[in-house]
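Beneath this line is the structure, given in structure tokens, with notes to follow.
The values are calculated or read from the model by the stated rules, or taken from the named source; none is laboratory data. All values derive from a computational prediction rather than experimental measurement. Note: ideal-geometry Cβ built from the backbone for every residue, glycine included; neighbour counts use all protein chains shown.
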């Protein structure tokens, strides 16, 4: 099974509403590891933000799964805006995973141009890439949300990802971060 994955970033230090507390990373890691095994995953397609994305990609790597990463802009710009701006050792993890994925030819940097929000475009591209892999391999595809299970509203990219996946007829699994 090909897994398209998205979810919450680890909470900022000054977060008023916990969505993915840093102390939950170990439990979330174990849960996504188990889900990938249970579903017979062979590949994970995701972005690479701190929190859900890097946790999912790390566990996929431990299982020897193919990892494909979709970024909305350059590797360095994404690292600055979506990885190292939160507490934790995410920068080193990001660099190690990106180096491996890029060496395998599985890093996709999309050109969002003047399109809508780059993160919404990335969500669609993750799903497109996962579906393309499933068509090549003949495997099924599903989406996984690593999140607190509650939408933040109109600008919640994780919720948008789940909605888009369901609209495309994909089964959607959830791993809770709270």
- Pairs under 6 Å by beta carbon, first residue modelled with pLDDT under 95 in segment 156-178, partner surrounded by fewer than 17 Cβ atoms within 10 Å (Cβ to Cβ), six or more apart or different chains? none
- Note on the structure: The condition of being under 13 Å from residue 4 (Cα atoms) and either in contact with a strand residue (DSSP E or B) (Cβ under 8 Å, 6 or more places away or on another chain) or part of a helix (DSSP H, G or I) (or both) holds, among 30, 34, 48, only for 48
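For every residue, the table says whether it meets (1) within 24 Å of residue 38 (Cβ to Cβ); (2) in contact with a strand residue (DSSP E or B) (Cβ under 7 Å, 6 or more places away or on another chain); (3) at pLDDT 95 or above.
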position: 98; (1), (2), (3): no, yes, yes
position: 107; (1), (2), (3): no, yes, yes
position: 129; (1), (2), (3): yes, yes, yes
position: 133; (1), (2), (3): yes, yes, yes
position: 151; (1), (2), (3): no, no, yes
- Is there any pair linking a residue in segment 61-89 that is in contact (Cβ under 8 Å) with a residue 24 or more places away in the chain and at positive phi to one that is in a loop (DSSP other than H, G, I, E, B) and buried (at least 21 other Cβ atoms within 10 Å of the Cβ), with Cβ under 7 Å and at least six apart or on different chains, and which? 88/10; 88/50
- In segment 158-178, the residues that are surrounded by 14 or more Cβ atoms within 10 Å (Cβ to Cβ), in a helix (DSSP H, G or I) and touching a strand residue (DSSP E or B) at 6+ places or on another chain (Cβ under 7 Å): 158, 161, 162, 165
- Considering each residue of segment 129-143, count those that are in a loop (DSSP other than H, G, I, E, B) and surrounded by 14 or more Cβ atoms within 10 Å (Cβ to Cβ), and give that number. 1
- Query: Can you tell me which residues in segment 19-57 are closer than 15 Å to residue 144 by Cβ and surrounded by fewer than 21 Cβ atoms within 10 Å (Cβ to Cβ)?
  - Reply: 29, 30, 31, 33, 34, 35, 37, 38, 39, 40, 42
- Message: Against the definition (assigned to a loop (DSSP other than H, G, I, E, B) and crowded, with 20+ Cβ neighbours inside 10 Å), how does residue 60 come out, yes or no?
- Response: no
